[in-house]
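Student: Below: one structure in structure tokens.
The values are calculated or read from the model by the stated rules, or taken from the named source; none is laboratory data. These figures come from a predicted structure and were not determined experimentally. Don't worry about glycine lacking a Cβ; one is built from the backbone with ideal geometry, like all the others, and counts go over all protein chains shown.
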Amino acid sequence: MKAIIPVAGIGTRLRPHTHTAPKVLLPVAGKPIVGHILDELVQLGFDEVTFIIGYKGDMIRDYVTSAYSFRANFVEQPEMLGLGHAISLAKPHHYADEPVLIILGDTIFRADLKSVFERGSTALGVRKVEDARRFGIVELDRNGAVKRLIEKPDNPPTNLAIVGIYYMTRPRVLFDCLDELIAEGRTTKGEFQLTDALQKMIERGEKMGVFMVEGWYDCGKPETMLQTNRDLLDAQLKDFSGYSAVADRYPGSVIVQPVAIDESVRLENCIVGPYVSISANARLKNAIVRNTIIGENAEVSTILLEDSLISDNAKVQGRRYHLNVGDSSEIILD
Ligand code: UTP
């Protein structure tokens, strides 16, 4: 089975973290964002993945080739011309009548993909959302087939949002529509949109269904990344039995589950959790940390840290007080 994962974007909304790493390599719940997606694909038996790389693409290439053994193709997108353009570049590897799964590199998902593959027809992953105006949405006909796709509508006729997982049984048709779109120079909001190419496919009579995505974990912004960290750690809590082992590693510290702490991390006199991810070789001393992601080799000391993202190699040090306070005094050190 084959997949295309576009990961060329700059990730501006996640600066400053994306100044030094591509968005999809930022850690969440114990591994890089794209690692969650790839582990799922490996479990499903995928054996070839094409990555559309651009911004800091070499780092993605190094990560994928050292951590995974499936066949990986890397295609450079020299300019961010939109998702449709990114996908069109995968044509040399996937212009065939062999199905392909397209997944955005910054969207972690939970869906019953096995059933989707068994059904064997082109289908888009969707999810019911509260405010459909922020999304690309689908309108279905009476038989549940996609009738129309609308990008960020002012008056959404449905609340079914497209979430960034697309199963294409005839990628040849998709690539033809993308080529046509690009040849016509037809952009929406300044970019070649995948949604526009899918709409073209429908107009050509291509049958397209939908499948429900149960879990959809966005990592596009700091807040959504911390929320995803919480959701994934909660999910791990349900099926993980090694927690006492984690606590045993740090006898002088208190671990409040759920957390994901790399084995090489050093903790000294800390309270860590809930909802904390710490990457390899980070060092924490005299710290209380909650709802936070800490990168590799970071140093954190003498601080109460909440709702924070600390990148690789960063050093964060708070302050300590020596007080000599009299009876009935009130001191608040904010
Ligand atoms: P986004 O627009 O959410 O990601 O695209 P971005 O551009 O990296 O982030 P911001 O908006 O600057 O903060 C969704 C996915 O599609 C890829 C991105 O890498 C991301 O994984 N993409 C998007 C491309 O590969 N090429 C494009 O031209 C556009």
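Student: Which residue pairs have Cβ atoms closer than 8 Å, lie 6 or more positions apart in sequence or on different chains, and pair a first residue in segment 209-233 that is touching a residue at least 12 places away in the same chain (Cβ under 8 Å) with a second residue that is among the β-branched types (Val, Ile, Thr) and in a loop (DSSP other than H, G, I, E, B)?
Tutor: Partner pairs satisfying both residue conditions: Gly209/Thr122.
Student: Could you go through segment 103-119 and let me know if any residue there is at pLDDT below 95 and under 14 Å from Met208 (Cβ atoms).
Tutor: Yes.
Student: Restricting to segment 65-97, count the residues that are aliphatic (A, V, I, L, M) and either surrounded by fewer than 13 Cβ atoms within 10 Å (Cβ to Cβ) or away from the ligand (no atom under 14 Å from the Cβ) (or both). Quick ask: steps written out before the conclusion?
Tutor: As a first pass, look at segment 65-97 and keep what is aliphatic (A, V, I, L, M): 67, 72, 75, 80-81, 83, 86-87, 89-90, 96.
Filter once more, keeping what is either surrounded by fewer than 13 Cβ atoms within 10 Å (Cβ to Cβ) or away from the ligand (no atom under 14 Å from the Cβ) (or both): 67, 72, 96.
So the answer is 3.
Student: Restricting to helices (runs of 4 or more DSSP H) lying wholly in segment 101-216: which have 2 or more residues that are touching a helix residue (DSSP H, G or I) at 6+ places or on another chain (Cβ under 9 Å) and not aromatic (Phe, Trp, Tyr)?
Tutor: Values: elements: 113-119, 171-184, 194-203.
Where helices (runs of 4 or more DSSP H) fall fully within segment 101-216 and carry at least 2 residues being touching a helix residue (DSSP H, G or I) at 6+ places or on another chain (Cβ under 9 Å) and not aromatic (Phe, Trp, Tyr), they are 171-184, 194-203.
Student: Residues Gly205, Gly185, Gly190: which one is farther than 30 Å from Leu25 by Cβ, surrounded by fewer than 18 Cβ atoms within 10 Å (Cβ to Cβ) and within 16 Å of the ligand (Cβ to nearest atom)?
Tutor: Working: Gly205 fails: within 16 Å of the ligand (Cβ to nearest atom); Gly190 fails: farther than 30 Å from Leu25 by Cβ.
Answer to the check: Gly185.
Student: Looking at segment 271-295, which of the residues that are outside any strand (DSSP E or B) and touching a Gly at 6+ places or on another chain (Cβ under 8 Å) is nearest to Pro27 (Cα to Cα)?
Tutor: Narrowing segment 271-295 to residues outside any strand (DSSP E or B): 273-275, 279-282, 295.
Remaining after also requiring touching a Gly at 6+ places or on another chain (Cβ under 8 Å): 279, 282.
Details: Ser279: 8, Ala282: 13 Å.
Restricting to residues being outside any strand (DSSP E or B) and touching a Gly at 6+ places or on another chain (Cβ under 8 Å), the top hit is Ser279.
Student: On the given criteria, is Asn159 polar (S, T, N, Q) and either exposed (fewer than 14 other Cβ atoms within 10 Å of the Cβ) or touching a Phe, Trp or Tyr at 6+ places or on another chain (Cβ under 6 Å) (or both)?
Tutor: Numbers: polar (S, T, N, Q): yes; either exposed (fewer than 14 other Cβ atoms within 10 Å of the Cβ) or touching a Phe, Trp or Tyr at 6+ places or on another chain (Cβ under 6 Å) (or both): no.
Spelling it out, it is not the case that Asn159 is polar (S, T, N, Q) and either exposed (fewer than 14 other Cβ atoms within 10 Å of the Cβ) or touching a Phe, Trp or Tyr at 6+ places or on another chain (Cβ under 6 Å) (or both).
Student: Would you mind telling me which numbered condition in (1) out of contact with any Leu (no Cβ under 8 Å at 6 or more places or on another chain); (2) in a helix (DSSP H, G or I) Glu98 fails?
Tutor: The number of the failed condition is (2).
Student: Moving on to the next point. Could you tell me whether Val75 is part of a strand (DSSP E or B), modelled with pLDDT of 95 or more, β-branched (Val, Ile, Thr) and over 16 Å from Val213 (Cα atoms)?
Tutor: Details: part of a strand (DSSP E or B): yes; modelled with pLDDT of 95 or more: yes; β-branched (Val, Ile, Thr): yes; over 16 Å from Val213 (Cα atoms): yes.
Judged against the criteria, Val75 is a match.
Student: On to the next question. If only one of Val316, Val300 is assigned to a strand (DSSP E or B), within 28 Å of Lys23 (Cα to Cα) and touching an Asp or Glu at 6+ places or on another chain (Cβ under 8 Å), which one is it?
Tutor: Values: Val300 fails: touching an Asp or Glu at 6+ places or on another chain (Cβ under 8 Å).
Only one candidate passes the filter, namely Val316.
Student: Could you tell me whether Phe211 is at pLDDT 95 or above and among the hydrophobic types (A, V, I, L, M, F, W, C)?
Tutor: Numbers: at pLDDT 95 or above: yes; among the hydrophobic types (A, V, I, L, M, F, W, C): yes.
Criteria met by Phe211.
Student: Given (1) more than 16 Å from the ligand (Cβ to nearest atom); (2) modelled with pLDDT of 95 or more, identify the lone condition not met by Ala132.
Tutor: (2)
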